[in-house]
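For reference, the structure discussed in these notes is given below.
The values are calculated or read from the model by the stated rules, or taken from the named source; none is laboratory data. Quick caveat: nothing in here was measured; it's all calculated off a predicted structure. Cβ placement follows ideal geometry from the backbone for every residue including glycine, while neighbour counts extend to all protein chains displayed.
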Amino acid sequence: MSTSSSFTVELEQQQGYEFRVKFDAPGVQELLLDEPAPLGGGRGPNAARLVAAAVANCLSASLVFCLAGKFRQKPGPLRTQATAHLERNERGRYRIARIDVKITLAERADAVQHVERCGEQFEDFCIVTESIRGGIPVSVEVVDSAGLTVHRSEESAPALA
């Protein structure tokens with residue numbers, strides 16, 4: 001059994017800070033990236049926004065897999081919000097200082113079996129979050145439709161470099 005795999009994305013500059021991203025997956029549409037003003041025109045997300053989106057997507061998909069795939073639950077559509085906090089490091093360079101993720105279930109927690117068990121394990125299966133946690137702290141909260149917190153984690157990471 002192979003323990004590694006790879007994928008490739010290709011970027012092509014369009015103009016200024018706009019880049020068209022091509023993915024090596026059949027049927028996947030290209031994506032336009034751009035820096036916000038005043039640097040770029042803001043015609044697409046920038047790399048920092050993609051990092052936050054990737055963390056939010058990976059965590060959400062991992063929770064769905066646990067609930068629906070593993071335990072055959074029908075939790076309804078999740079809503080996920082990721083907030084990336086940008087700060088300057090000691091050299092004055094912007095870095096993603098931390099990402100806070102909040103996943104909201106469509107139902108009350110007592111209507112979703114195994115939600116506690118999935119809360120104990122879904123983060124560990126998220127490739128993106130666990131890969132970047134070595135440099136960026138990521139906190140995760142899962143709440144039900146009534147706002148009751150059913151899972152919370154806080155991670156620490158090295159200081160900004």
Does ALA53 fit the bill of being within 10 Å of the chain's Cα centre (by Cα) and part of a helix (DSSP H, G or I)?
yes
Restricting the search to the range 71-110, which residues are among the hydrophobic types (A, V, I, L, M, F, W, C) and either in contact with an Asp or Glu (Cβ under 7 Å, 6 or more places away or on another chain) or in a strand (DSSP E or B) (or both)?
ALA82, ALA84, LEU86, ILE96, ALA97, ILE99, VAL101, ILE103, LEU105, ALA109
Report yes if VAL9 is in the same structural domain as GLU116 (by TED's automatic domain parsing), under 30 Å from PHE122 (Cβ atoms) and at pLDDT 95 or above, otherwise no.
no
Candidates ALA68, ALA61, filtered to the one that is assigned to a helix (DSSP H, G or I), at pLDDT below 95 and within 30 Å of ARG117 (Cβ to Cβ)
ALA68
